[in-house]
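Here is the structure we will look at, set down as structure tokens.
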Amino acid sequence: MPSSSKSTTLAVVATIACASVGYYLYRQSTKKVSKKTVVFVLGGPGAGKGTQCDKIISTYPSFKFFSAGDLLRAERKKAGSKVGAMINEKIANGEFVPASVTVKLLKEAMDGCEEGSKFLIDGFPRNIDNVNVWEEMLAGECDVKFCLFLDCP
């Protein structure tokens, strides 16, 4: 099969899969629940996380997209932010930013959205410690439906 046909086929399959996931999320999230609906979106660089999330959001606009990395970068740039200074210090020392900081930034971003919003979160969790901190801080507020893992060869 020529490479252009192969890439077209992959794009069609990805779009269909994305629409199926989006429809499932929409149906599940229209049920009355008091917790925020969350889907973690993971995959390597260039796997299409942003592209697929854009497609889900364009079809199901109640979904909002947050990148853990983008939130951390934005906090680093805030003038006078103690959290931003701490993030900069950790990065300068080659250390990881504590998961509690990332979860706090994600919570603030989600809380800033209108009631009934659903969330696609890119780049989090990265390890079991991240999962444990998420559970400690947000288990009572969020219902994680599943993790959408994108792997493109």
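The values are calculated or read from the model by the stated rules, or taken from the named source; none is laboratory data. Treat the numbers as computed from the prediction; the structure is a model and nothing was measured. Quick reminder, even Gly has a Cβ in these numbers, built from the backbone with ideal geometry, and neighbours come from all protein chains shown. SASA here: full protein model, heavy atoms, side chains in, ligands and nucleic acids out. Shrake-Rupley method; radii C 1.70, N 1.55, O 1.52, S 1.80 Å.
Remark: accessible surface ordering of Thr102, Thr59 (largest first) is Thr59, Thr102, probe radius 1.4 Å.
In vacuum, with every alpha carbon of the range 72-153 counted as one equal point scatterer, what does the Debye formula give for log10 I(q)/I(0) at q = 0.24 Å⁻¹? Two decimals, please. Summing over Cα pairs of the range 72-153 leads to -1.28.
Solvent-accessible area per residue in the range 92-133 equals 54 Å², computed with a 1.4 angstrom probe and all protein chains kept.
What do you get for GluC sites (Glu not before Pro) in the range 45-153 restricted to DSSP loop and a cutoff of at most 14 other Cβ within 10 Å of the site's Cβ?
Values: sites: Glu75, Glu89, Glu95, Glu108, Glu114, Glu115, Glu135, Glu136, Glu141; in loops: Glu95, Glu114, Glu115, Glu141.
Passing both the DSSP loop test and the Cβ count: Glu95, Glu114, Glu115, Glu141.
Report the Rg/Rh value for the range 30-114, based on alpha-carbon coordinates and the Kirkwood definition of Rh.
Values: Rg = 15.0 Å, Rh = 14.8 Å.
On the Cα set of the range 30-114, Rg over Rh gives 1.02.
Looking at the range 95-141, the chymotrypsin sites (Phe, Trp or Tyr not before Pro) that sit in a DSSP loop and have at most 15 other Cβ atoms within 10 Å of their own Cβ are Phe96.
Report, to the nearest whole %, how much of the accessible area of the range 96-153 belongs to carbon and sulfur atoms, 1.4 Å probe, protein only. Each step should come with its number before you reach the end.
On the way: 1750 of 3260 Å².
C and S atoms contribute 54 percent here.
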